[in-house]
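The values are calculated or read from the model by the stated rules, or taken from the named source; none is laboratory data. As the structure is a computational prediction, the values presented were derived from the model and not from experiment. Glycine also receives a Cβ, built like all others from the backbone with ideal geometry; neighbour counts cover every protein chain displayed.
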Amino acid sequence: MSRKNVRREHVSIHSDSVSLEGELAIPEGSTSVVLFAHGSGSSRLSPRNQFVAQTLQEAGIATLLFDLLTDAEAADRENVFDIDFLAHRLKDATRFLRTRADCSGCTLGYFGASTGAAAALVAAAHESEVRAVVSRGGRPDLALRYLPKVTAPTLLIVGGMDYGVIELNEKAYRVLRCEKSLRIVPGATHLFEEAGKLEEAARLATEWFIRHLTSTQPIKPVFGLPTVYRNREEAGRTLASALSSFKGTEVVVIGIPRGGLPVAREVADALGAPLDIIVVRKLGAPGQPELGIGAVVDGDHPRVIFNQGVIEQLGVSEEYLQGEIAKQLKEIKRRETEYRGGRPPIALGGKTVIVIDDGIATGSSIRAALRGVRRAKPKRLVLAVPVAPPETCEALRGDADEVVCLETPEDFFAVGQFYRDFHQVSDEEVKNILAAKRPTESVVHI
């Protein structure tokens, strides 16, 4: 859309006892609008925000750039970092838009930079009508206590050389419970001043807003973005469609508890197949239990997969490894006893076995599971997941006869980024699923 088709208007937004100056731009036929929350030391005249706004306008999305603070207020640094106050101003600007006939029916998004990103997320936590949030070089960590309440799909864009801020965004990303994505732009610093980097950030923001503000089906891929599933059940139903050729055959579906089981249940239901589980545990690094140095699966002869590179890098001792293996085998036994409830396992020999998880990151745990199942001598071993990095899928092809993966995005940060609802599945949920699906059979023993 050419710029002559964009109607521009200088506006004044009343908030508290002051007037905030703003620039409203509405492309012809626009049905969505994005409010910009600038960061510390910036204003509606920020050339970076104006560039992003122009990119949105060319895509047919209206924009409102406005000053969150008056000049006098901005002179007080406490105001600049008062995130709740800035969010209050953003909410007042939202209400202002709703009083205008040309914007009242538009879908709504927030774009924030630096501290403005935190303000946008706080406001989004209170404004249920907000359909999307984008943070560019933002400080979402400053809104940490509000992040679990944000329901609007949120995109965090960070420069690959914005050291320190990357880690703060990763921290915020882990706390968000909505549909989310973290995109790191290689070679960009905090202000995206390097050649082509601001353009890349603007493109990512525009794609996100188009996807969530202008589409009636926001979970579908647009401009090459991967699918984001509403929950594990939806992922399972989608995966079942890709596995429909196995219906009517002698097949057993194996879910990896806990997160893989809701996905596997949907597949088992669609195929009319029995459902079972195999318990795998990650081996945690010394002092860093979330960092996997391998995985173990129980059985007559426990199978262990080591991440040798990490083990060597950390200098993990053999004594620690053996202790960690024993610890995780004990936990596997506990879980099997609790999940199993006295029910015998399903025999896998001579059958087609489909092993399912909700997604794969590094692949250590799923590799241990596949090698464990292989010992039961299935006729055919299939690995099926909704999402995994392409290199991980490729590396696992030697451990299964067939690998079915619906999405292999290059930009893979964590499995949770591809789910809106990625709650931690409880032991109780696992037991309920197994009891409902297989009243007489439960846990696979290898």
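Data overview
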| item | result |
| --- | --- |
| Per-region count, region 250-280, residues assigned to a loop (DSSP other than H, G, I, E, B) and either more than 25 Å from the chain's Cα centre (by Cα) or not assigned by TED's automatic domain parsing to the domain that holds Ser426 (or both) | 5 |
| Any hit, region 58-71, residues being in contact with a Cys (Cβ under 9 Å, 6 or more places away or on another chain), closer than 27 Å to Arg211 by Cα and free of Cβ contacts under 8 Å to residues at least 60 places away in the same chain | yes |
| Test: residue in region 352-363 that is touching an Asp or Glu at 6+ places or on another chain (Cβ under 7 Å), modelled with pLDDT under 90, assigned by TED's automatic domain parsing to the domain that holds Ile277 and not aromatic (Phe, Trp, Tyr) | no |
| Residue that is nearest to Ala395 (Cα to Cα) [pool: residues in region 347-368 that are more than 24 Å from the chain's Cα centre (by Cα) and crowded, with 23+ Cβ neighbours inside 10 Å] | Ala368 |
| Considering residues of region 161-177 that are outside any helix (DSSP H, G or I) and of a type outside the set (A, V, I, L, M, F, W, C) only, the residue nearest to Tyr419 (Cα to Cα) | Arg177 |
| Helices (runs of 4 or more DSSP H) contained in region 307-418 and holding at least 2 residues touching a residue at least 60 places away in the same chain (Cβ under 8 Å) | 318-340, 364-374 |
| Residues within region 192-231 that are in a loop (DSSP other than H, G, I, E, B), surrounded by 19 or more Cβ atoms within 10 Å (Cβ to Cβ) and modelled with pLDDT of 90 or more, tallied | 1 |
| Count of residues meeting criterion [of a type outside the set (Val, Ile, Thr), buried (at least 24 other Cβ atoms within 10 Å of the Cβ) and more than 17 Å from the chain's Cα centre (by Cα)] in region 116-135 | 7 |
| Those residues of region 26-40 which are free of Cβ contacts under 8 Å to residues at least 40 places away in the same chain and among the small types (Gly, Ala, Ser), in sequence order | Gly29 |
